[in-house]
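The values are calculated or read from the model by the stated rules, or taken from the named source; none is laboratory data. What you see is a predicted model; the values in this text were computed from it and never measured. Quick reminder, even Gly has a Cβ in these numbers, built from the backbone with ideal geometry, and neighbours come from all protein chains shown. Protein only, heavy atoms only, side chains kept; ligands, DNA and RNA dropped before computing areas. Shrake-Rupley method; radii C 1.70, N 1.55, O 1.52, S 1.80 Å.
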Amino acid sequence: QQIGFGDVFVENATRADYSDGVQKLTKFNVYGTVTGTAGTVNIFDGVEVTGNVGNTVWSYAQEFAQYWIAGADYNFAAVVDATVASKDSNGMPLTLTTVADATSNLEDMLYATASVVKATADQDPVNFTFEHLLSKAKFTVTSNAQGGYYHTITGIKVRNFETGTYTIANGT
C-alpha cells in the first residue's frame with residue numbers, strides 16, 4: 001500500500017495563525033527514511049503534501065509515491081513555514097529557519113515527527129502533531145479613561161521581527 005498521510009493536528013497553545021488546527025493549514029513538506037535489510041534510505045526529501053480545509057486525508061504527487069515495506073522501520077519529519085537549512089546523513093532535517101507566509105506576511109515555524117516500527121504492508125496513514133517553534137506574544141492594553149469610556153482595538157502590528165533558527169537535537 002502507498003504511504004499516506006492522515007490526521008494532522010496543530011498544537012494551538014503557542015500561536016494564533018493555526019489556532020483552528022487544520023482549518024488554515026493546507027500544505028506541509030515531509031522528509032522520511034526507511035530502515036530495513038538494505039540499511040537506511042531516504043524516501044521523502046521535502047515532498048509537498050497538500051489537503052483541503054478540515055481534510056483528514058492528505059496527498060502528494062504520484063511521482064514521489066512510496067510504498068510500505070513489511071517489517072521495515074520508518075521515520076518522518078514534517079515542516080511548515082520553514083526552510084530546512086541542514087540535514088543529517090540520511091536526509092532528515094537538522095536545522096530549520098523561518099520563511100514568510102505568502103498570504104499573510106506572518107512568520108511561523110511548525111515541526112512534527114512520526115515513526116512506524118515494523119510496518120505492515122497495509123499500514124495506516126502517518127499522522128502528525130505539529131508543534132510551534134516560535135513564541136506567542138501576549139499584549140495587554142490598559143487605559144486611564146474615566147466615566148465609562150470604552151476603546152476598540154482593531155489591530156496590533158509587531159515590527160522588526162527577527163527570523164528564527166531551530167536546531168533539532170536527537171530527532172526532536
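See the values below:
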{"quantity": "Residue count, the range 90-124 (criterion: at pLDDT 85 or above, open to solvent by 70 Å² or more (accessible area, probe 1.4 Å) and assigned to a loop (DSSP other than H, G, I, E, B))", "calculated": "4"}
{"quantity": "Residue satisfying condition, being hydroxyl-bearing (Ser, Thr, Tyr) and either more than 17 Å from Tyr166 (Cα to Cα) or in contact with an Asp or Glu (Cβ under 8 Å, 6 or more places away or on another chain) (or both), within set Ser86, Ser59", "calculated": "Ser59"}
{"quantity": "Residue tally, condition modelled with pLDDT under 65, farther than 16 Å from Leu133 by Cβ and open to solvent by 60 Å² or more (accessible area, probe 1.4 Å), over the range 1-45", "calculated": "2"}
